[in-house]
Structures are given as C-alpha cells and as structure tokens.
Amino acid sequence: MELTARLRALADLVPQGARLADVGTDHAYLPVWLILHGKIQQAIAADLREGPLARARETARQYQVEERISFRLCDGLTAVYSHEVDAVAIAGMGGDTIAAILDAAPWTKGKRLLLQPMTAWPSLRAWLQSNGYQIEAERLAREGSRLYSVWSVTGGAMAPLTLAELWVGKQQKADPLRGPYLEKMAGKVRRALSGHLVSRQRDEGQIQMLTEVLQGIEEMQKEL
Ligand SMILES: C[S@@+](CC[C@H](N)C(=O)[O-])C[C@H]1O[C@@H](n2cnc3c(N)ncnc32)[C@H](O)[C@@H]1O
C-alpha cells in the first residue's frame, strides 16, 4: 500500500508504538499503513457515517489487519475513550469541525494530536491557542498542485502568533515547500481581499485584517 504525500506526512508524525485513534478515517489507509509498517500495533478507526466505516473495514480485511483495528461509528471522539489512546489523528476535515471535535473531548490535551485541516487554518490555530494546545511541528506535503499543512499538537501554552502566523503557521520555516506554500496562501488572501474591495458592502474590519495578513506573509517571503 502506498500512502499519498499528505497521509505520509501524517504517518511520519505518529509516535512509534502509539495507540492511535483515526477520526474521520474513511478508507482507513493511515492506520492500516502504520500497522503494516510496524509503526503501531493497534488502532481505533472512527467515522461519523456507515459508508466510510464499511470502506475502512474493507481496507483492513484486504490487508489482513482487521483484528488489530477497532471500528467505531461515532461523531468525533464520542465513542473513543482517553485510556484507550496515546495519539489522535484528525485529517481531511474542515478546521472548524476539528475544533468542535476537540472541544467535545478536552482529554485530548494529554495526547499527541496529528491534525490536517482542509480549511479555516487561522481559526483552528486561534482555537488551539486559546484552549490550551500548542502546535509543536508542522509539515507541508504536495500532491499535484495542492499543498497541505499537517500539524503535530500537544497540550501546553502556545507562544503568541501574529495575524500572518495564524494563517500560515510558524513551525515549518525549514520546510522546502515553505516558499510555494507562502505563495499559495498569499494568493488566497489577495483573492479574499479583492472580493472585499469590490463588494458593495465593504467590511472595513475584514479589509484591514486581510491587508495585515498579506503584509505579514510578504515579509515572510522576503525573509525566506
Ligand atoms: C475527506 S474524508 C478524510 C479521510 C481521511 N481522514 C483522510 O484524511 O484521507 C473525511 C471523513 O471524515 C468523516 N467525518 C466528517 N465529520 C466527522 C465527525 N464529526 N466525526 C467523525 N467523522 C467525521 C467523513 O464521514 C469522512 O469519512
């Protein structure tokens, strides 16, 4: 089994021997790959919906690791318990959904979290910061023209972040994909800013915020 670059970046951040819960597992490629490669011995694969969980079971059956995985049909971590896991992966979901899942399971502050939000990066970073979590490492992964940011998070105090750092993070400064990532994020902010500037109902607060974010990202690009 080959993992995509995004899932491989997540896999690399899973601690050796961890008891992993993969929330929103869908096809369960992450836990199955980790078991096949001897990085973990067992896992919980959880999903909100029957269809994805059936896919997860099918992958586990195909690779003959079904007995090593406990399958849970549940919203977030509602059927996963603190004493069962050392690490929790939540990938391929919106940042707001990830924040809601963690909010409902405060025990996750005592675990290693591997997060890969598809959207709402600034609000998820801000949520983590104000709820007692810190981002210890970030990795970037490229799949075709898409770039993904993968975070390793634990409980603890996160150093203050500038507005631009809330958008693009500050834990992947040495990553070879940092340049393309900053360019991509600057493009997103420019497009959002242009939308606000031509809007009939100008939101001056948003315009000021996005302008500051863009200036911050451009500074980071100069420093690179
Ligand atoms: C795009 S897939 C991501 C699959 C895999 N984690 C990955 O990154 O490749 C998102 C999965 O999350 C599940 N999901 C969405 N909201 C969820 C929630 N609140 N709790 C558990 N699973 C959820 C969906 O059913 C879907 O299977």
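Odds and ends about this structure:
- Candidate lysines for bridging to K222, where Cα separation is under 19 Å - those fewer than 8 sequence places away on the same chain excluded: K170, K173, K184, K188
- In order through region 90-102: 3J(HN,Hα) via Karplus (6.51 cos²θ - 1.76 cosθ + 1.60), integer Hz, x for Gly, Pro: 9, 10, x, 10, x, x, 6, 5, 4, 4, 5, 5, 5
- With Cα atoms, 0 to 90° folded angle of helix 204-223 axis to the chain main axis: 80
- Between helix 178-198 and the chain: long-axis angle, C-alpha atoms, 0 to 90°, nearest 10: 60
- The angle between the Cα long axis of helix 121-130 and the longest principal axis of the Cα atoms of the chain comes to about 80 degrees, rounded to the nearest 10.
- Put the Cα centre of region 1-22 next to the Cα centre of region 24-47 and the gap is 8 Å.
We did not get these values from a lab; they are worked out from the coordinates using the rules stated. The model shown is predicted, which means the values in this text are computed figures rather than measured ones.
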